[in-house]
Amino acid sequence: MKGFSRFSGFAAVVVAIGVVAGAAGDLTGRWVSRVPNGDGTFRETVFVLNQQGTTLTGSVISPTSEQPIADGAIDGDTFSFASAPATNPRRVVYRGARAGDELRITIVRPGRPDQTLTASRGPDSAGRLPDRIPPPELHPVPDNGLARTPPMGWNSWNKFRGAVDDATVRAIADAMAANGMKQAGYIYVNIDDTWEAGRDSSGRILTNRKFPDMKALADYVHAKGLKLGIYSSPGPFTCAGYEGSYGHEVDDARTYAAWGIDYLKYDWCSAARIYRDHEMQAVYQKMGDALRATGRPIVFSLCQYGRQDVWKWGADVGGNLWRTTGDISDTWESMSRIGFNQDEIAPYAKPGHWNDPDMLEIGNGGMTEAEYRTHMSLWAILAAPLLAGNDLQTVSPEILAILTNRDVIAIDQDALGQQGRRMKKDGDVEIWVKPLSGGARAIGVFNRGGAAAPVSLRCDDLQLCGGYTMRDVWAAKDLGPLGATFSTSVPSHGVVLLVVRSVRV
């Protein structure tokens, strides 16, 4: 997931957690800001400063990253530094002033409001990582037999982010059971980041006050005929800075099983501060083994953004699905860039093991209905997991109709389990074809351009001449036999989605 930039609500609140020796006017030391998350937990940022005259060096440590200071300078009681050189467009500037035993620091990020926090001197241990645990030797994790078709459900992050809580999850489960989502195949109700607190004396993971009783929540979701998913990281912290599973993989897997969890999303994030990318496979294998050892059927979702060609080894570590890209956002540019870039990895998808181009943004308001139909159609042709990310309590009939279109879902969930591929690209028009059971084909005619585009399909190009009928999925209309040529007009950013079947079947 998203790392340090995910949280935008810094408050000017801090708890002093120790004193480091140093001259009264010297900034050298570890300065700690602890910002309450509003759920009984805190997000900690550590500024490791080293003053030499008017020059300032050091680093900024968040739960998921450590960035070296650039251009650090001191002018009396004021100072400034940055997280990257001036040539870096993602450079973050920090401007501060000393006020007694505290530092007041304003964070300046491109395109975002300035944020202010306060930091106090902390102990030498502040910001330091736990001891490195060597990753295990590689071995295959047996297939868990789950997700024979791409998982379908809902995930909290895209819409609710850190505001997700027990009441929201129950309300979403109620909505899914009542509005046709469950009947259409959406089964998993997945809690993303920010549910965690710390650990008890035995190492058992604890929930924060947003989730007072995870077992009771799982029971509630199960009573609706649905399944409950949860989130963690192989690092010491999650992407949002909450408690990760590092060093507690077996403990956490057992706890998830005891709670009745059915799905785990496992996000790389702070593991990158301990392990190198080439160790990623072994690190994910460790949780794959731990989940299997519980005896409970838990879908294992790898979230490490497509690094290290995860599609080549994701199944070997017990993964049922693996992210193939960075995070999606609710824009045409993001969705289309991700979705149309999945062609070459198609051979790695198969029943039980799926390429995951990230969650659905359908209904979150950043795209048109035509673009959302493209989103749904493309994900179906890609045999991608279908995890809705909108507020299902207030979903409009139009968006619900897109999400629950049974013909589109049937393409995604087809038992053959083959991911579709790009057959042809002509300017802004792309033709994608997905083989279906019984010799049928799903054909997506996509227009990535800014104006409507006339398109003609030749049966020779499709290798479907003679004895085939067509159905326009979104129009819910049978088109009759497929002739030598089929002509249509595809709206801007839109799709014509066809299913072609042999009349001999």
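Of the strands (runs of 3 or more DSSP E) contained entirely in region 92-198, those carrying at least 1 residues that are among the small types (Gly, Ala, Ser) fall at 93-99, 115-121, 152-155. Within region 203-225, the set of residues being of a type in the set (Gly, Ala, Ser) and touching a residue at least 24 places away in the same chain (Cβ under 8 Å) comprises Gly203, Ala218, Gly225.
Do we find a residue being surrounded by 12 or more Cβ atoms within 10 Å (Cβ to Cβ), under 19 Å from Ala383 (Cα atoms) and at pLDDT 95 or above anywhere in region 485-492? No, region 485-492 has no match at all.
This table checks each residue for (1) surrounded by 22 or more Cβ atoms within 10 Å (Cβ to Cβ); (2) in contact with a strand residue (DSSP E or B) (Cβ under 6 Å, 6 or more places away or on another chain).
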residue	(1), (2)
Pro357	yes, no
Ile381	yes, yes
Ala384	yes, no
Leu387	yes, yes
Asn405	no, no
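Going residue by residue through region 97-106, is there one that turns out to be surrounded by 21 or more Cβ atoms within 10 Å (Cβ to Cβ), out of contact with any helix residue (DSSP H, G or I) (no Cβ under 9 Å at 6 or more places or on another chain), on the phi < 0 side of the Ramachandran plot and in contact (Cβ under 8 Å) with a residue 60 or more places away in the chain? Yes.
The set of residues in region 26-44 that are closer than 13 Å to Tyr242 by Cβ, in contact with a strand residue (DSSP E or B) (Cβ under 9 Å, 6 or more places away or on another chain) and in a loop (DSSP other than H, G, I, E, B) comprises Asn37, Asp39, Gly40, Thr41. Restricting region 456-484 to residues that are in contact (Cβ under 8 Å) with a residue 40 or more places away in the chain and either surrounded by fewer than 17 Cβ atoms within 10 Å (Cβ to Cβ) or in contact with an Asp or Glu (Cβ under 7 Å, 6 or more places away or on another chain) (or both), which is farthest from Leu382 (Cα to Cα)? This residue is Ala476.
If you check Met376 against the conditions, is it assigned to a loop (DSSP other than H, G, I, E, B), at pLDDT 95 or above and within 28 Å of Ile172 (Cβ to Cβ)? Criteria not met by Met376.
As a summary of the residue check, Arg323 satisfies the conditions (1) over 29 Å from Ala173 (Cβ atoms); (2) of a type in the set (Lys, Arg); (3) touching a helix residue (DSSP H, G or I) at 6+ places or on another chain (Cβ under 8 Å) except for the one numbered (1). Scanning region 442-454 for residues that are free of Cβ contacts under 8 Å to residues at least 60 places away in the same chain and under 17 Å from Met470 (Cα atoms) gives Ile443, Val445. Cβ separations smaller than 9 Å between residues 6+ apart or across chains give the following pairs from region 152-165 residues that are without any contact (Cβ under 8 Å) to a residue 12 or more places away in the chain to residues that are β-branched (Val, Ile, Thr) and buried (at least 24 other Cβ atoms within 10 Å of the Cβ): Ala163/Thr194.
The values are calculated or read from the model by the stated rules, or taken from the named source; none is laboratory data. If you're wondering where the values come from, they're calculated on a predicted model, not measured in any experiment. Note that we place each Cβ from the backbone using ideal geometry, even for glycine, and neighbour counts take in every protein chain shown.
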